[in-house]
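Scroll down for the structure; my scribbles are underneath it.
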Amino acid sequence: MKVTITIIKYIICFLLSILSGMVWMRIELGKPIDATSFFSIFNALYGFIIIWIGGFIGLVSFIPFVLIDLYYIKRKIETKLNQNIARILAIIILSGIITLIHYVLEFGLNWI
């Protein structure tokens, strides 16, 4: 029973991580421009970019989150409420760091 609860917690954290990556991409891209006629295809591209790149950022930020959760949060923080708060903050901070790295590599250095 304890294993299934742990798996469910990590699935929820995984979904929160992907959602956080999408939110950071929405913040980075800004408000979509309302295009008409032929250029309305860019509206669909905007949604595709948020889902695809934001999901990838969430996936990449989930990997260090698992390590932080296993080696720090579970061992150092005693109460369950504080563990959950630390998990949510870790997801948000890691997604923000990965988004910042993506932004610097793509626009600042033109590597991607």
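Apply the a/c threshold of 1.5 to the C-alpha gyration tensor of segment 59-112 and tell me whether it is rounded, prolate or oblate.
Prolate, because a/c is 1.5 or more and a/b exceeds b/c.
Under a Cβ-only charge scheme (Lys and Arg +1, Asp and Glu -1), can you give me the dipole magnitude of the chain about the Cα centre, in debye to the nearest 20?
Charge dipole, the chain, about its Cα centre: 580 debye, nearest 20.
Taking only Cα atoms, what is the 0 to 90° angle, nearest 10, from helix 2-29's long axis to the longest principal axis of the chain?
Taking the Cα atoms of the chain, the angle to 2-29 is about 30 degrees.
Report, in degrees rounded to the nearest 10, the 0 to 90 angle that the Cα long axis of helix 41-68 makes with the longest principal axis of the chain.
That works out to roughly 20 degrees.
For Rg and Dmax of the Cα atoms in Å, pick the label among (1) 16.9, 58; (2) 17.0, 52; (3) 19.7, 59 that corresponds to the value derived from the coordinates.
Computed from these coordinates, Rg and Dmax of the Cα atoms in Å corresponds to label (1).
Over the chain, give the accessible area per residue in Å² for a 1.4 Å probe, as an integer.
For the chain, the solvent-accessible area averages 72 Å² per residue.
How big is the gap, in Å, between the Cα center of segment 1-75 and the Cα center of segment 79-93?
Between the Cα centre of segment 1-75 and that of segment 79-93, the gap is 17 Å.
DSSP loop (so not H, G, I, E, B), at most 16 other Cβ within 10 Å: list which chymotrypsin sites (Phe, Trp or Tyr not before Pro) in segment 21-112 pass both filters.
Within segment 21-112, the qualifying chymotrypsin sites (Phe, Trp or Tyr not before Pro) (loop, at most 16 other Cβ atoms within 10 Å) are TRP111.
At 222 nm, what helix-only mean residue ellipticity would the chain give, in deg cm²/dmol to the nearest 500, using -39500 (n - 2.57) for each DSSP H run of four or more?
-25500 deg cm²/dmol
What is the helix-to-structure angle for 80-103, meaning the angle in degrees between its Cα long axis and the longest Cα principal axis of the chain, kept from 0 to 90 and rounded to the nearest 10?
30
The values are calculated or read from the model by the stated rules, or taken from the named source; none is laboratory data. Values in this document were obtained by computation on a predicted structure and should not be read as measured data. Every residue, glycine among them, receives a Cβ derived from its backbone with ideal geometry; neighbour counts consider all protein chains shown. These accessible areas exclude ligands, DNA and RNA; they are computed on the full protein's heavy atoms, side chains included. Shrake-Rupley method; radii C 1.70, N 1.55, O 1.52, S 1.80 Å.
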